[in-house]
């Protein structure tokens, strides 16, 4: 099976409600799609979201990386030369992790199709069903309480609460959410790098003293501040998860060696795809650190690839793959089935995505 052509396109998928964090507000998913063709007639898809505020990858940067570097490095190559092909992809350009991730998942898809095996089984196959949380965007406390009640009515029992846009309001936000949720719903919070280390410790310990019962906090301090992250981990009553601090297997190992976080969030768009995500998961197994699998704000092509990884590895114990259920429609044919919080992986060969409705080609 030889790669003969790579076509690029875009999709636009509206969200149910605006997605708001301490870093950005998004009204729709506007992603780059990679469509990889082979001489055997097999086709595979990848997806890259332009999340410049987090990864630095804009739409123009993703397209430039693909057209000028990545596509040239894989066209004409045999899919069966898999390890070397993935290494070539990773060496084709520095950084540009979202563009690499889109091609990476398409290559895994083709390899699974070639050997007629689902990717999750190829990688370990520990389960075929997972349960995700759903994100509550940062807003005024009353609106967040309403969104909480809506999420619970949809069947969710774990909520990820965005905080940090105004730290002075964060306690009030969490109080309103906990009151609306009741005592049995799990609350995890994501500050998206918004706090200083001392501010984070003060706020987190205040939350626990008030009985808000926070499961863990994602990235309370700026991503580059490993020492600050360690400071919070050692002093806060709330377990700490590293997210924007982890862009590579090397980052993950450093965090684990330092004891800078209690948990690590794996995102394909940050680390460059399944190839590097597997290395992070393996390191976590060695160091005894549980992982979460997360997504930026993506449609089902790339989230589906993350589902396969989550279903392959037991070290991934937390699931934050709510991108598709935040969308008001699903243009992706095939792949995992999202039934609100319950996600069932496809047993089709590869990643199981068959087609993308409304795909607008760029070439």
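Output the residues belonging to region 85-113 that are out of contact with any strand residue (DSSP E or B) (no Cβ under 8 Å at 6 or more places or on another chain) and more than 26 Å from residue 58 (Cα to Cα). Those that are out of contact with any strand residue (DSSP E or B) (no Cβ under 8 Å at 6 or more places or on another chain) and more than 26 Å from residue 58 (Cα to Cα): none in region 85-113.
Checking each residue in region 108-123 for being surrounded by fewer than 24 Cβ atoms within 10 Å (Cβ to Cβ) and within 23 Å of residue 247 (Cα to Cα) picks out only 123. Here's a check for you: in region 311-363, which residue that is in a loop (DSSP other than H, G, I, E, B) and free of Cβ contacts under 8 Å to residues at least 40 places away in the same chain is nearest to residue 10 (Cα to Cα)? Applying the filter and picking the extreme gives 357. Inclusion of residue 42 among residues that are touching a helix residue (DSSP H, G or I) at 6+ places or on another chain (Cβ under 8 Å), surrounded by fewer than 20 Cβ atoms within 10 Å (Cβ to Cβ) and modelled with pLDDT of 95 or more is warranted.
Residue 327 passes every criterion in (1) touching a helix residue (DSSP H, G or I) at 6+ places or on another chain (Cβ under 7 Å); (2) more than 20 Å from residue 126 (Cβ to Cβ) apart from (1).
Restricting the search to region 275-291, which residues are surrounded by fewer than 24 Cβ atoms within 10 Å (Cβ to Cβ) and touching a helix residue (DSSP H, G or I) at 6+ places or on another chain (Cβ under 6 Å)? Within region 275-291, 275, 279, 283, 287, 289 qualify.
The values are calculated or read from the model by the stated rules, or taken from the named source; none is laboratory data. Everything quoted here is computed from the prediction, not taken from an experiment. Positions of Cβ are generated from backbone atoms using ideal geometry, with glycine treated the same way; all protein chains shown enter the neighbour counts.
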